[in-house]
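A.B. asks: One structure follows; several queries about it will come next.
We did not get these values from a lab; they are worked out from the coordinates using the rules stated. Note that the structure is a prediction, hence the values are computed from the model and not measured. A quick note on method: Cβ atoms are made from the backbone with ideal geometry, for glycine too, and the neighbour counts reach across all protein chains shown.
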Amino acid sequence: MSSDLRDLYQEVVVDHSRHPRNFRKIDRPDQTVQGFNPLCGDKLTLYVKFNDQVIEDISFEGSGCAISKASASMMTATTKGKTKAEAEELFRQFHTLITEGPDGPVKREQLGKLAALGGVSEFPARVKCASLAWHTLRSALEGKGEAVSTE
Ligand code: ZN
């Protein structure tokens, strides 16, 4: 990867961690799920409102490292307005990218801004920070309302 591209990805992550999107509570959400990554201490509460199969609104609150915050911000910005099935598919692709890295079957170009977190594949401990919000989303999609822990 060129250093320009690396800088750009870095910028996206810093921007989302400093100014997280959808960082608020939703009034009367259909699902409220807590996510926790004990390894790093990242905590978040995810709020989701559905309109049939569509994620009508999604937001989060919490505290954690820059990676976990940026990932939650990007996850909510990307999945808002998508169907549950589309969100599941994005999670699958994102998870493949951050675990298998840029040489895996999922290319960065497929994931747009989410690809900015692809670099965590080199740091296994950070994979949990980057995937916490997504695991929490999956629990919300399943409608179980169960707290999620990465351990
Ligand atoms: Zn973290």
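A.B. asks: From the backbone phi of region 112-123, what are the Karplus-calculated ³J(HN,Hα) couplings (6.51 cos²θ - 1.76 cosθ + 1.60, θ = phi - 60°) in whole Hz, Gly and Pro given as x?
C.D. replies: With coefficients 6.51, -1.76 and 1.60, one gets x, 5, 4, 5, 4, 8, x, x, 5, 4, 7, 10 Hz.
A.B. asks: Another one. Between exposed trypsin sites (Lys or Arg not before Pro) in the chain, where DSSP calls loop and at most 15 other Cβ atoms lie within 10 Å, what's the longest gap? Could the numbers behind the result be given before it?
C.D. replies: Details: sites that count: ARG24, LYS25, LYS107, LYS144.
Result, exposed sites excluded: 26-106.
A.B. asks: Roughly speaking, what is the stretch gain from PHE23 to ASP7, that is 0.36 nm per residue apart minus the C-alpha to C-alpha distance, in nm to one decimal? The partial results should precede the final answer.
C.D. replies: Details: separation 16, 0.36 × 16 = 5.76 nm, distance 2.48 nm.
Length difference between fully extended and current span is 3.3 nm.
A.B. asks: Which of ASP15, ASP7, ASP103, ASP57 has the fewest other C-beta atoms within 10 Å, and how do the rest follow up to the most?
C.D. replies: Working: ASP15 16, ASP7 10, ASP103 7, ASP57 19.
Ascending number of Cβ neighbours within 10 Å: ASP103, ASP7, ASP15, ASP57.
A.B. asks: Nearest 20 debye, what's the magnitude of the dipole of the chain about its Cα centre given +1 on Lys and Arg Cβ and -1 on Asp and Glu Cβ?
C.D. replies: On the way: 20 positive and 21 negative charges, 60 e Å.
Using only the charged Cβ atoms, the result is roughly 280 debye.
A.B. asks: Taking the chain as the reference, fit the longest principal axis to its C-alpha atoms, fit the long axis of helix 124-142 to the helix C-alpha atoms, and give the angle between the two in degrees, 0 to 90, nearest 10.
C.D. replies: Here the helix axis deviates by roughly 30 degrees.
A.B. asks: 7 Å from Cα along Cα→Cβ at both VAL14 and ALA77: what's the point-to-point distance in nm?
C.D. replies: Roughly 1.5 nm, to one decimal.
A.B. asks: With just the Cα atoms defining each centre, how far is region 4-18 from region 104-132? Give it in Å.
C.D. replies: Going from one Cα centre to the other spans 13 Å.
A.B. asks: By count of other Cβ within 10 Å, fewest leading, how are HIS16, HIS135 ordered? Numbers along the way, then the final one.
C.D. replies: Numbers: HIS16 23, HIS135 18.
Listing HIS16, HIS135 from fewest to most nearby Cβ atoms yields HIS135, HIS16.
A.B. asks: Listed here are the pairs LYS25/LYS128; LYS43/LYS82; LYS25/LYS107; LYS25/LYS113; LYS43/LYS84; which of them are more than 27 Å apart at the Cα? Please list the in-between numbers first.
C.D. replies: Numbers: LYS25/LYS128 23 Å; LYS43/LYS82 24 Å; LYS25/LYS107 33 Å; LYS25/LYS113 24 Å; LYS43/LYS84 23 Å.
From LYS25/LYS128; LYS43/LYS82; LYS25/LYS107; LYS25/LYS113; LYS43/LYS84, over 27 Å: LYS25/LYS107.
A.B. asks: Right, next: Along the charge dipole of the chain, Cβ charges K/R +1 and D/E -1, which of GLY104, CYS40, HIS135 sits furthest on the positive end?
C.D. replies: Toward the positive end, the furthest listed residue is CYS40.
A.B. asks: Now for a different question. Determine, for VAL33, VAL127, VAL120, VAL54, the number of other Cβ atoms within 10 Å of each Cβ, and report the residues in order from fewest to most. It would help to have the intermediate numbers written out before the result.
C.D. replies: Numbers: VAL33 25, VAL127 18, VAL120 22, VAL54 15.
By the 10 Å Cβ count, ascending: VAL54, VAL127, VAL120, VAL33.
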